[in-house]
Structure formats: structure tokens, C-alpha cells
Amino acid sequence: MLPSILVVDDEPSLRKVLRTSLAATGFFVEEARSGEEAVLAVQRRSYDLVLLDVNMPGLGGMEACRKMRELTPKLGIVMVTVRDQEDDKVRALEAGADDYVTKPFRLRELVARIRAVLRRTHARPSDEAPQTLEAGNLALDLRRRILTRGGEQIHLSPKEFDLLVFLMQNQGAPLTHVRLLRSVWGPEYGNELEYLRSYVKTLRKKIEPNPAAPQFILTEPWVGYRFQNPSETSSTGAPAEAD
């Protein structure tokens, strides 16, 4: 069965283009003209993913995202934002989106983001989770808490290990600074941006071939970080630049 996508946008021409393009790529696509219509559609039937525009009249994309996330916690949601509105990206993730794309976007990038979200939302249950995480030449042994790069063991501090585990477990997903701090260090953290940056800088020195041009831990400007597997030749990541 083809993965099902609900395209939500108030512009008929854009909905038509997206529907035609995504259908040709191997998806079953339906449309909704507004946030209200999208919430009703999600209540009526099950979708694998919703492609949701942020700026719509009536029920906006952010509130529609929150409502759909409450209705279907495992639903994949990719939000479409405007490139110069960086706050929208953080707000989208906080509203429950799995990822975002910025206008204008290429179809190849959009499809790569969609497929990455579908892989995560259809991942095996936690009780069947692998004991080793792999990406490129990295292998993270969760049971023995050992990292190897190309077969060579790399020493990590406990917190560096925990941070890398969380990044790799959420491979391909944009992770905000706040989420990283609270997930790895605890709920009392959230504003220690320089603290997080120092750990990311140290990790990059240990795992990246060139820390100044990272391949694994990518910077999401104004948002946070995204762990990318360089072996996957897709354009899902942000520009590979260190901060």
C-alpha cells in the first residue's frame, strides 16, 4: 500500500502541484484547503503524514498541528515555513511537527524529508530497538557504551556519549537547543546554549573528518542540530556548517 499524505494549503495551485508531484513519486495524496478541514480529515481517516503550511487563514498551521498531534500522536507532520521567518521553525517543532521545509523548496528535498519522517514514525517499537547505532563509519554500542569510528575506539565522556546517542536515535530529525538540553541534561535545563555548543564542538572534533565542515552533526540555524548519516545521499540536512 502506498504511503498516504494529506497536503494542507490554502493555495489551490500549490496543492495541485504538490499532489501531482508527490503522486508521481509514489505516494497516495489527498488535499485539504484549511487547518479546520485538515483536522476533520485526520479524524475521518488515517494518514501516514501531513504536509502542513504554516500561514493559512482561519485555523493556522501551528494550532492545526497541535490539534492533529493530540488526535494522532504517531502521525508524521512536516510543516512548510517561510525561509526568513526562523522563529516559525522552532514554533513548528514545539507544536509537534516532525520536520519542516522552507519555501521555496525543491521536490527532491521535500521527498527526502518526507521519507525520513516516515522511516522514523514507522520504526520498530522500543522493546525491539537495536543495541548498536550506526551511521557512516560510526558504530555506537549502547550496551557497552562504546563508540568506534572505522573500527577504532573513540573515548567519550558520559555526557558526550548520551548526547551522541540522542542525536543518533533521532537521526534526520531537527532537534531544538531546548529539547537537546532537557532530554540529555534534564528538565531544569533549557537556556544553556553555550554549554550545548561546547559539547557539540567537542563531539565534532572526535567524530568528524573535518570539524569545520561537519558531515554528521549539522547545524540548523537558529533552531538547533540535526544528525545526518553521510552515507545517505539525500538533501535532507541543513548546510553543513559549524557554529
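The values are calculated or read from the model by the stated rules, or taken from the named source; none is laboratory data. Bear in mind the structure is a predicted one, so any value in this text is a computation, not a measurement. Methodologically, a virtual Cβ is constructed for each residue, glycine included, from the backbone with ideal geometry; neighbour enumeration extends over all protein chains shown.
General remarks:
- Among residues of the range 96-116, those that are closer than 16 Å to Gly35 by Cα and either aromatic (Phe, Trp, Tyr) or surrounded by fewer than 22 Cβ atoms within 10 Å (Cβ to Cβ) (or both), counted: 1
- Number of residues in the range 139-174 that are touching a residue at least 60 places away in the same chain (Cβ under 8 Å) and farther than 17 Å from Glu208 by Cβ: the value is 3.
- Qualifying positions in the range 76-95 - surrounded by 15 or more Cβ atoms within 10 Å (Cβ to Cβ) and more than 17 Å from Val7 (Cα to Cα): Glu86, Asp88, Lys89, Val90, Arg91, Leu93, Ala95
- Leading residue by the ranking (modelled with the lowest pLDDT) among those in the range 79-113 that are within 11 Å of Met62 (Cα to Cα) and of a type in the set (D, E, K, R): Asp88
- Residue in the range 91-104 that is closer than 26 Å to Thr176 by Cβ and aromatic (Phe, Trp, Tyr) present: yes
- Tyr225 in contact (Cβ under 8 Å) with a residue 12 or more places away in the chain, crowded, with 17+ Cβ neighbours inside 10 Å and farther than 28 Å from Arg115 by Cα: no
- All positions within the range 186-208 that are part of a loop (DSSP other than H, G, I, E, B) and modelled with pLDDT under 95: Gly186, Pro187, Glu188, Tyr189, Gly190, Asn191, Glu192
- Selected residue [touching a strand residue (DSSP E or B) at 6+ places or on another chain (Cβ under 9 Å), closer than 23 Å to His155 by Cα, at pLDDT below 95 and of a type outside the set (Lys, Arg)] from Ala242, Ala238: Ala242
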